[in-house]
Amino acid sequence: MELSRRTLLAGGFAAMLGGTVIGCSSSMDTGTTKKNATGNIALWCWPGGLGKSVLDDTIAHFPDQHIKYSEIGGDFKQKLLTTFNGGTSIPDITGVKGEDIASLLPQATNRFVDLKSIGADSILGDYLEWKVKQATTLDGKVIGIPIDIGPTALFYREDIFTAGGLPGDPAKVAEQLKTWDDFLAAGLELRKANPKAPIVADAVDLYGTIVNQGTSRYIDKDNKFIGDQDHIRKAWDIAVKAITTKVDGKTLGGSPDWNAGLDQGTVPTVTGAAWVALDIKAACKTSVGKWRVAPTPSGPANFGGSFLTITKNAADPAAALEVIKYMLSADNQAKAFADAQIFPSAPAAYDKPQLKAPDAFFGGQVPIEVFGPAAKAIPIAYEAPLDGAVAVPFSDGLKLVQAGKKTSDAAWAEAVSKAKQIGKRQGVQ
Amino acid sequence: MTLTAAAPPKAPRTTKPGRRRSIWSYWRFYLALSPFYLIFLVFGLYPVASTILLAFQKWDGLGPRTMVGFQNFGFLIEDSTFWLALWNTIVLFFMSTVPTLAIAMALAVMLHSAVRLKGVYRIAYFIPNITSLVAAAIFFAAVFSTNFGLINAGLRGLGLPTEDWLGEPWGIKIAISTMIVWQWTGYNTIIYLAGLQAIPTEQYEAAKMDGAGPFRTFFSITLPQLRPVVLFTVIMSTIGGLQTFTEPQVMVGNNGGTGQSGMTVVMYFYNQAFFNNDYGYAGAIALSIFVLVLLFTAINWKLLGGRGRS
């Protein structure tokens, strides 16, 4: 064949095409786990997931590991899954958000290192038991060390409480508002004095909190649907009571009305995790110093809190565990709290000076005196991978009751049947 | 041997006049066209094909994929939320597209006859279209909010009863479609305006001579002449409108608000894939959106006579 520029170009082009196709098909193969190159540790987390000074300190503390930190913005879980499926550039250590951990547990054996198998037993006791449980598979593998937690408390406006004839002092509030029934009764009293300040910001939110306070949720360990049972119905009924006694503000957390209401006094209480304090502080200008923190009525619950995990691709899982151990020690967790309000998952941190500081926003109150005991008393509940999806029809149903579109019983029946249907799709009995 | 193409160009062509030129002799043209097709292949066709495959599988995003046949479609038929989302999407499509196109047409006709500051108006009407969707949705959520929203403040000022816009099923739909109308009216106005400018002025002059009023002129000359342009805008609005996602997601959250009134099919698909990790089911929903868009486009094409039959 006569070699001309044309044939040369065409041949090169064909080779390029062929190369691309082969390149594609080889990277699709995810059957085997390729180990990352040794000598450095790739660490993934999302913006604000780890304290800046702790992170810098950790990188400096392990000079031989060459820790390479990547801050992954946007939809973190999705990017992690895509990278796992792609099969290359998988991090050695990655953060996993609290809301995603349950759905990743079924993949524990394929994608993540069982930390117990590399000697994490000695440190697991340093962290809150219920939180470690969230990263534990049913057969006892632990895939994550908790970075932080989100214990709840009752944030309230002291000025509005006292003007409405309720106690203002946190200790007295704790004493009077022991249960949700007490709370709703106080709401009635407050409504008489100040009809513009419904004590419940949003009954649907309240429902979610009550479910989180329980020891069982929508699906049990045998993959059976239990969302139609008493523990869920009780939470539902309390939320409905808030609606029917008109102490519900119907103000969705995070909405413009909620933000404005916090400062203007139309949202006098927030039942939320420790990190909600940041949202309240951001929204309030005139009510600084008027907020207080009291224990959650009927006991503490948890919202959120993430983990650090080691992937199967890690070149040296033991070295990666050393990095995690250092970064999440009680001392460093206290630093991360001072840095970025990352609430420690190791109870020893609650005694550190960074957490003992009084907060002027809460009128000089020391918030850890409420959050510390709350964190230790959070109940252990099994959360099935599908739990979040099955919960949706219940909150949707409550919204219809809230809007006056459906009776409580009709909405409940519909929610249960919808939830069962979602469960059925994924093999829940 | 030389690498420069030095062969005399006329020789081969004249010797074999009857032979069909082989497809390979056009390779330079194909090469020039290839970037688009290669990108389309990788980022268009491959994802589409794998979505279709996914619709027949069960996959949690990480583990092995298993073929389940038509199971996902069976679930789809039983799933009341899917049908609700479909209904919402179609209702939202009509509530937003009809006003958008009607207002755009009226604006375009007015702009066409306005003499001064045409450019300023054009830019002003087009700006919503290039505004960040998320920023605009946050803004609209604030405008429609119950206690501190602009709309309710206006109603209060007029002594009218206020509405819990984003808490009521119909309020949610009105808020979402208002935002879509706001965002897309300008875009369609500009397209209609371009179409109007292409209509020969002689036809208007003739109509004037025959004594036709402005309405008669509009319905007998402007609208028929604009038919292909209207078809284009209707089809583009159909494709866009049936895929509404960001507006409801930002305004009323991932579950579509009260009674899931803002839940669209694309949002439902997104929730199934990225919250419930049910990628196979999401693939089946995505396929249903494709069929829906195809169906609506075909109906529009038929109604408006797309093949230039005039």
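At-a-glance table
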item	result
Calculated FRET efficiency for the pair A:Gln421/B:Ala124, C-beta based, R₀ 51 Å, to 0.05	0.55
3J(HN,Hα) from dihedral phi, the range A:293-300, Karplus parametrisation 6.51/-1.76/1.60, rounded to Hz, x for glycine, proline	10, 10, x, 5, x, 6, x, x
Sequence-distant lysines (8 or more away, or on other chains) whose Cα lies within less than 25 Å of B:Lys302	none
Whole-Hz couplings from phi, Karplus 6.51/-1.76/1.60, listed for the range A:48-56; x for Gly and Pro	x, x, 10, x, 4, 5, 5, 4, 4
Environment charge at B:Ser261 (Cβ cut-off 12 Å; Lys +1, Arg +1, Asp -1, Glu -1)	+1
Placed amide H near A:Ile41: partners under 5 Å, 5+ positions off or other chain	A:Ile67, A:Lys68
Potential lengthening between B:Leu33 and B:Ser80 on full extension [0.36 nm per residue; Cα-Cα distance subtracted]	12.4 nm
Using alpha-carbon coordinates, inclination of helix A:180-193 to the longest axis of chain A, degrees	60 degrees
Listed pairs A:Lys172/A:Lys352; A:Lys192/A:Lys285; A:Lys34/A:Lys141 exceeding 25 Å between Cα atoms	A:Lys172/A:Lys352; A:Lys192/A:Lys285
Kirkwood-Stokes translational diffusion coefficient of chain A, alpha-carbon pairs, 37 °C, 0.692 mPa s, µm²/s	138 µm²/s
Calculated FRET value between A:Thr244 and A:Gln429, using beta carbons and R₀ = 41 Å, to 0.05	0.75
Most mobile of B:Thr146, B:Thr201, B:Thr51 in a GNM of chain B (Cα contacts under 10 Å)	B:Thr201
Considering only the protein assembly as shown, percent of DSSP beta bridges that pair antiparallel, nearest 5	75 percent
For chain A: relative contact order, % (alpha-carbon pairs under 8 angstrom, 6 or more apart)	24 percent
Amide H contacts under 5 Å for B:Gln57, placed H, 5+ residues apart	B:Val68
Mean separation of Cα contacts under 8 Å (6+ apart) over length of the range B:43-305, as relative contact order %	31 percent
Estimated FRET transfer efficiency when R0 is 25 angstrom, pair A:Tyr382-A:Asn110 (beta carbons, to 0.05)	0.70
Vicinal HN-Hα couplings computed from phi for the range B:96-112 (Karplus, 6.51 cos²θ - 1.76 cosθ + 1.60; Hz; Gly/Pro x)	9, 6, 4, x, 4, 5, 5, 5, 4, 5, 4, 5, 5, 5, 5, 5, 4
Partner lysines for A:Lys406 [C-alpha distance under 24 Å; skip if fewer than 8 residues away on the same chain]	A:Lys234, A:Lys241, A:Lys246, A:Lys250, A:Lys418, A:Lys420, B:Lys173
Inter-label distance, nm, simple model (7 Å from Cα along the C-beta direction), B:Leu294/A:Lys196	5.7 nm
Residues with amide H under 5 Å from that of A:Asp148, placed H, sequence gap 5 or more	A:Ser306
GNM top mover of B:Ile77, B:Ile239, B:Ile180 - chain B, alpha-carbon springs below 10 Å	B:Ile77
Filter on A:Lys133/A:Lys290; A:Lys399/A:Lys424; A:Lys79/A:Lys131 - keep pairs with C-alpha separation over 31 Å	A:Lys133/A:Lys290
For a label point 7 Å along the Cα-to-beta-carbon line of A:Ala315, residues of the range A:36-52 with backbone N under 12 Å	A:36-42
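All of the numbers you see were taken from the coordinates with simple rules; none came from a lab. Just so you know, these numbers come straight off a predicted model, no measurement behind them. Quick reminder, even Gly has a Cβ in these numbers, built from the backbone with ideal geometry, and neighbours come from all protein chains shown.
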